[in-house]
Each structure stands twice: as C-alpha cells, then as structure tokens.
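Novice: Just passing along the structure, written as structure tokens.
The values are calculated or read from the model by the stated rules, or taken from the named source; none is laboratory data. Since this is a predicted model, take the numbers as computed values, not measurements. In this analysis, Cβ positions are derived from the backbone assuming ideal geometry, glycine residues included, and neighbour counts consider all displayed protein chains.
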Amino acid sequence: MDLLRSGIRNKLLLFVFGLILAFQLATIRPGLLFNEDACLYLSHARNLALGQPYSSTHFIYTTETAVYSPAVYPPVFPVMIAPLYRLSGLNPHPYKIFLVCTLMLCLGVIAWLYRGRGSPSQLLLVVALLGFSPFMTEQKNEILSDLPFLLFVFAFLLLCSTMREREAKGSSYLRSGAYVGLLAYLAYGTRSIGVGLIPCIIAFGLIRYRRIARFSMVAAAVFAALAILQSRFISSRRLRREHGHTRPFAGRPSAAVFGPQCG
C-alpha cells in the first residue's frame, strides 16, 4: 500500500512538473530585449564565443557610473550562454528556452531538497507556487542570471543537507568538500552575492559538528582557488583604456553593439 501511494505521489509530482513546463514554454514572450543587464551578459557571451577580450563590451565605465552597473559581470552565466550565442546569435528565443530548462532543474532540486520535510501535498504546493509564480515566469523572459544563481544555491543547500548521509556511507570528505566548494563558486561566479555561501559553510559545520568540519575547510579552499582564477581570468582580459585616459561618458552596451535587439 505504501509503495502504491508513493507511486501515485511521484506520478502526480511528474504531472505537475509537466504542467509547469508547458505553461512556461507557452508564456515565452517574443520580441526585443529592453534590458541593459541582458545586453551586457550577451556582450560577454559574444566575446567568449568569438574569442574576443571578455571585458570588451563597449560599456563605458567611469567612477560616475559605479552605481549604475559593474564594469564586468561574473563569467559563469556568460559561459553558459556562449554556445547559444555561437549557434543562434541574438535570437532571444533559444536563451529563453534555456532559462525555462534552468527553472525546471531548479524546481527539481527544490523538490528533492524538501522531500520528507513535509507532507506530499505541501511539496506539491511549493513546487506549483514556484513554477506558476508570475515572478518566475517573467524571469525566464529576461536573459539574466537570477535563475541559474537560484539553481546553484539550492544545489549547494541540497548537497550540504546530505552530508551526514554521505559520511555515514563512508564518502570521502575531500570529495564532498570539493563538490560543495564548486557549487558555492558557481553561485558566486553567477552573482557576486554568492560569496555569502562561504560563511554559511563554516556556520553549518559549527552548528552541526560544533567545530569547523573538514569538508567545509576543503570547500572554502576550492572556492578560494576558483575565485582567484576567475579574478585573474577577468583582469587578464580587461579592455585597456586608450592612451591611458578615462572616457568621460557612460553609455549602454545595447545600441552600439546589438542595434534594435537591445535598447
């Protein structure tokens, strides 16, 4: 009887996932991009796809525009969409389908994370509320890093939540720590606020083990190494200013680079 109920719950969950997928695909909004952040991400993706300097985005960065936008964005999301730029250029539809897939993966990770933490009906409700959320629906229509960041954060939380099970099975703390550090970096390399996951790793070890866990030290070391490599990757490809002068005007990367697609 329990197996029968479990099978019914799993089928119902898959049905809800199917409905969400169909809804998200059906609500892809065609048209042009009117988002400067999306244009900057596309500039980075273009540079990666074509082998150009990563920071050569035609966004004129000055001290007066420091609060408007960073000079460059972290590279993980541009790396993810660079193959799409190589294959489809500025056609926004493939990027939106990619973000729908990212959202579905994120919902799968969330469902796995919260399985057994509440009733099956509560899990279905959480998945449905997130999957049909107007905010989530709008996010997939913008070429932004929010959904990939959410995926990496919840994957990080899921892995941390299974550490005790992994240790009981004799899993190596080196391997587990490396995975945790990699996911923490992927979140940070997508959005810089992900750097806050490192203190979370330390706090997690202190709360669960009343000491700094070995896996958290490995995770912090892996994160630091990858973050340093990212910093060197960006700085080594930073666009040199002409004749050492700072340009006085702050422009957007949209009109100059992408024409009517971004603006």
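Novice: Any residue in the range 81-92 that is among the polar types (S, T, N, Q) and assigned to a loop (DSSP other than H, G, I, E, B)? It would help to see each step written out before you state the result.
Specialist: Initial filter on the range 81-92 (among the polar types (S, T, N, Q)): 88, 91.
If we keep only those that are assigned to a loop (DSSP other than H, G, I, E, B) as well, we get 91.
The answer is yes, given that some residue of the range 81-92 is among the polar types (S, T, N, Q) and assigned to a loop (DSSP other than H, G, I, E, B).
Novice: When you go through 114, 95 one by one, which is the residue that is surrounded by fewer than 19 Cβ atoms within 10 Å (Cβ to Cβ) and of a type in the set (Ser, Thr, Tyr)?
Specialist: Values: 95 fails: surrounded by fewer than 19 Cβ atoms within 10 Å (Cβ to Cβ).
Step by step, each of 114, 95 is checked, and only 114 is surrounded by fewer than 19 Cβ atoms within 10 Å (Cβ to Cβ) and of a type in the set (Ser, Thr, Tyr).
Novice: From 40, 3, 21, 12, grab the single residue that is of a type in the set (A, V, I, L, M), at pLDDT 85 or above and over 26 Å from residue 141 (Cβ atoms). If you could, list the steps in order and put the result at the bottom.
Specialist: Details: 40 fails: over 26 Å from residue 141 (Cβ atoms); 3 fails: at pLDDT 85 or above; 21 fails: over 26 Å from residue 141 (Cβ atoms).
When all the criteria are applied, what remains is 12.
Novice: Is at least one residue of the range 128-148 aliphatic (A, V, I, L, M), assigned to a loop (DSSP other than H, G, I, E, B) and within 16 Å of the chain's Cα centre (by Cα)? Write out each step before concluding.
Specialist: Kept after step one, since they are aliphatic (A, V, I, L, M), are these residues of the range 128-148: 128-130, 136, 143-144, 147.
Adding the requirement that they be assigned to a loop (DSSP other than H, G, I, E, B) leaves 143-144.
When the remaining residues are screened for being within 16 Å of the chain's Cα centre (by Cα), the result is 143-144.
Looking for residues that are aliphatic (A, V, I, L, M), assigned to a loop (DSSP other than H, G, I, E, B) and within 16 Å of the chain's Cα centre (by Cα), one finds at least one in the range 128-148, hence yes.
Novice: Of the residues that sit in the range 170-220 and are among the basic types (Lys, Arg) and outside any helix (DSSP H, G or I), which one is nearest to the chain's Cα centre (by Cα)? Walk me through how you get there before you give the answer.
Specialist: Going through the range 170-220, the residues among the basic types (Lys, Arg) turn out to be 175, 191, 208, 210-211, 214.
Then drop every residue that is not outside any helix (DSSP H, G or I), which leaves 191, 210-211.
Details: 191: 7, 210: 31, 211: 30 Å.
So, considering only residues that are among the basic types (Lys, Arg) and outside any helix (DSSP H, G or I), the one nearest to the chain's Cα centre (by Cα) is 191.
One line per residue, one yes/no per condition, for (1) of a type in the set (Ser, Thr, Tyr); (2) closer than 21 Å to residue 88 by Cα:
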{"position": "19", "(1), (2)": "no, no"}
{"position": "23", "(1), (2)": "no, no"}
{"position": "27", "(1), (2)": "yes, yes"}
{"position": "36", "(1), (2)": "no, yes"}
{"position": "40", "(1), (2)": "no, yes"}
{"position": "43", "(1), (2)": "yes, yes"}
{"position": "47", "(1), (2)": "no, yes"}
{"position": "53", "(1), (2)": "no, yes"}
{"position": "57", "(1), (2)": "yes, yes"}
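Novice: Report, by residue number, each residue of the range 50-82 that is farther than 22 Å from residue 146 by Cβ and modelled with pLDDT of 85 or more.
Specialist: Those that are farther than 22 Å from residue 146 by Cβ and modelled with pLDDT of 85 or more: 50, 51, 52, 53.
Novice: Within the range 111-126, count every residue that is over 17 Å from residue 7 (Cβ atoms), touching a helix residue (DSSP H, G or I) at 6+ places or on another chain (Cβ under 9 Å) and either among the polar types (S, T, N, Q) or assigned to a helix (DSSP H, G or I) (or both). Write out each step before concluding.
Specialist: Of the range 111-126, the ones over 17 Å from residue 7 (Cβ atoms) are 112-114, 117-118, 122, 125-126.
Checking which are touching a helix residue (DSSP H, G or I) at 6+ places or on another chain (Cβ under 9 Å) leaves us with 112-114, 117-118, 126.
Next cut, either among the polar types (S, T, N, Q) or assigned to a helix (DSSP H, G or I) (or both) only: 112-113, 126.
Residues meeting the conditions: 3.
Novice: Which numbered condition in (1) touching an Asp or Glu at 6+ places or on another chain (Cβ under 9 Å); (2) more than 22 Å from residue 78 (Cα to Cα); (3) polar (S, T, N, Q) is the only one that residue 145 fails?
Specialist: (2)
Novice: If I ask for residues that are modelled with pLDDT of 80 or more and in contact with a Ser or Thr (Cβ under 8 Å, 6 or more places away or on another chain), which ones from the range 200-217 would you list?
Specialist: Within the range 200-217, the first condition is being modelled with pLDDT of 80 or more, and the residues that meet it are 200-203, 206-207, 210-212, 214-217.
201, 202, 215, listed by residue number.
Novice: State the number of residues belonging to the range 110-168 that are aromatic (Phe, Trp, Tyr) and without any contact (Cβ under 8 Å) to a residue 24 or more places away in the chain.
Specialist: The first filter runs over the range 110-168 and keeps only residues aromatic (Phe, Trp, Tyr), leaving 112, 114, 132, 135, 149, 152, 154, 156.
Then drop every residue that is not without any contact (Cβ under 8 Å) to a residue 24 or more places away in the chain, which leaves 114, 135.
Here the count works out to 2.
Novice: Could you list all residues from the range 5-60 that are among the hydroxyl-bearing types (Ser, Thr, Tyr) and surrounded by 12 or more Cβ atoms within 10 Å (Cβ to Cβ)?
Specialist: Across the range 5-60, the qualifying residues are 27, 41, 43, 54, 55, 56, 57.
Novice: Another one. Of all residues in the range 117-132, count the ones that are surrounded by 13 or more Cβ atoms within 10 Å (Cβ to Cβ) and at pLDDT 90 or above.
Specialist: Step one: of the range 117-132, the residues surrounded by 13 or more Cβ atoms within 10 Å (Cβ to Cβ) are 120, 123-128, 130-132.
With at pLDDT 90 or above added as a condition, the list becomes 123-128, 130-132.
Of the residues in the range 117-132, 9 are surrounded by 13 or more Cβ atoms within 10 Å (Cβ to Cβ) and at pLDDT 90 or above.
Novice: Which residue pairs have Cβ atoms closer than 7 Å, lie 6 or more positions apart in sequence or on different chains, and pair a first residue in the range 170-195 that is under 9 Å from residue 152 (Cβ atoms) with a second residue that is of a type in the set (A, V, I, L, M, F, W, C) and surrounded by fewer than 17 Cβ atoms within 10 Å (Cβ to Cβ)?
Specialist: Taking only residues 6 or more apart or on different chains, the pairs are 188/195.
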